[in-house]
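Structure first, then comments.
The values are calculated or read from the model by the stated rules, or taken from the named source; none is laboratory data. The structure displayed is predicted, hence computed values, not measured ones. As a convention, Cβ positions derive from the backbone with ideal geometry for all residues, glycine included, and neighbour counts pool all protein chains shown.
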Amino acid sequence: MYIKNGRSKKLKIFLISIGFIIFGLVVAIFAGYKIILDKHDNFASFIHEDADISIGKVHQTFTRNGVTEWSIDAESVRFVKKKEEAFFQDLYVTFFLKNNNKIYLKADHGVLKTDSNDMEVSGDVVLKNDTCKLNTKELYYNHKQRIISSRVPVKITGDSFDLTADSMSYDLNTNKAVLDRRVEGVFDAVNDKALN
């Protein structure tokens, strides 16, 4: 009986000691946190200038005047506040047109300027709609004008044609594309109705 009481007292002392240690740690953490808060001006400027945040599996939608203009899905994104840029990996962009049609973009890499919403994508780049597909290595999206363009060679294929050009631009507002420099193409006369 005496042995049990001795063990019980030792256990109580041990538990009380652990309680005091935990309490001391909590007080120390709060004291340190208060020091950081007291210096919040420097701390905030550090966060705003040098923040670098990575997120996996992201979905972002941009709406202007109540109208959805585009959305992005990506495997990952890294935000760099100082550069006002978001770096996407394995991204899929859907552009919404006025006639309720959609243009789909797929690329290995993408950079979104968070101040202007301009975008640059690279790698295995594919831009497509219901009737044709464009392949290239780089594309640029001017958000203000809603124009997609490429300064490197593009290949466009459809049911009745194959086209290549050294550069191109595509206006999402008018749904019209302009091919420039060394434009070459093959048209299928049987399916030429698809072009009208």
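Assorted remarks:
- Test: I72 is modelled with pLDDT of 55 or more and in the same structural domain as I147 (by TED's automatic domain parsing): yes
- Test: residue in region 187-195 that is of a type in the set (D, E, K, R), touching a strand residue (DSSP E or B) at 6+ places or on another chain (Cβ under 8 Å) and not in a strand (DSSP E or B): yes
- All conditions but one from (1) in contact with a strand residue (DSSP E or B) (Cβ under 8 Å, 6 or more places away or on another chain); (2) surrounded by fewer than 13 Cβ atoms within 10 Å (Cβ to Cβ); (3) of a type in the set (K, R) apply to K137; the one that does not is (2).
- Checking each residue in region 68-119 for being more than 16 Å from K144 (Cα to Cα), buried (at least 17 other Cβ atoms within 10 Å of the Cβ) and in contact (Cβ under 8 Å) with a residue 60 or more places away in the chain picks out only I103.
- For R151, the conditions (1) at pLDDT below 90; (2) in contact with a Ser or Thr (Cβ under 8 Å, 6 or more places away or on another chain) are fulfilled apart from (1).
- Leading residue by the ranking (modelled with the highest pLDDT) among those in region 41-69 that are under 19 Å from the mean Cα position of the chain (by Cα) and among the β-branched types (V, I, T): T68
- Total residues in region 143-164 satisfying the condition of being assigned to a strand (DSSP E or B) and of a type in the set (S, T, N, Q): the figure is 4.
- Against the list (1) more than 19 Å from T94 (Cβ to Cβ); (2) surrounded by 16 or more Cβ atoms within 10 Å (Cβ to Cβ); (3) touching a residue at least 24 places away in the same chain (Cβ under 8 Å), the condition D159 fails is (2).
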